[in-house]
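Asker: The structure that follows is given in the form of structure tokens.
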Amino acid sequence: NNPIQVFPNPATSYIGITEVKGVEKVLIFNLVGRKMKQFENIAKDRQYFIGDLPKGMYLVQLLDQQNKVITTRRVSKR
């Protein structure tokens, strides 16, 4: 059970994550599994731009250095 949260939810232009320790990549998928965005150089208090994505539900996946999934969070984009 991982305490990392993705915020705000619902999001409009940007998302952030509450904990960056061990996180190497942030991937955003639509609900049919297509990768829409990828962010690297993860840092505390950094915002990740999602304003160019269509409205809807997305899965935000956080990966570690070995590309293992740390957690997946569902985010609504408005």
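The values are calculated or read from the model by the stated rules, or taken from the named source; none is laboratory data. Just so we're clear, the structure is a prediction, and the values are computed from it rather than from any experiment. Please note: Cβ atoms are built from the backbone with ideal geometry, for glycine as well, and neighbour counts cover all protein chains shown. SASA here: full protein model, heavy atoms, side chains in, ligands and nucleic acids out. Shrake-Rupley method; radii C 1.70, N 1.55, O 1.52, S 1.80 Å.
Asker: Would you mind getting the accessible area per residue of the chain, heavy atoms of the protein chains only, 1.4 Å probe, in Å²?
Answerer: In whole numbers, the chain has 64 Å² accessible per residue.
Asker: Could you bin all the Cα-Cα distances of the chain into 10 Å bins starting at 0 and give me the percent of pairs in each, rounded to whole numbers?
Answerer: Once binned at 10 Å, the Cα pair distances of the chain give 20, 59, 21, 0.
Asker: Same structure, new question: Longer than 18 Å from Cα to Cα, which of 21/68; 21/44; 21/77 are they? Say none if no pair is.
Answerer: 21/77
Asker: So, one more: Among 16, 53, 41, which residue has its Cα furthest toward the positive end of the charge dipole of the chain, with +1 on Lys/Arg Cβ and -1 on Asp/Glu Cβ?
Answerer: Looking along the dipole axis, the top candidate is 53.
Asker: Let me ask something else about it. When the accessible area of the chain is split by element with a 1.4 Å probe, what percent falls to carbon and sulfur?
Answerer: So the carbon and sulfur contribution to the accessible surface is 46 percent.
Asker: Share of antiparallel DSSP beta bridges in the chain, in percent to the nearest 5?
Answerer: If we restrict to bridges inside the chain, about 95 percent are antiparallel.
Asker: I would also like to ask the following. Magnitude of the Cβ-charge dipole of region 1-77, K/R +1 and D/E -1, about the Cα centre, nearest 20 debye?
Answerer: Approximately 220 debye in magnitude.
Asker: Can you give the extra length, in nm with one decimal, that the chain gains between residue 18 and residue 44 once fully stretched, where that is 0.36 nm per residue apart less the Cα-Cα distance?
Answerer: Taking 0.36 nm per residue and subtracting the Cα distance, the gain is 8.6 nm.
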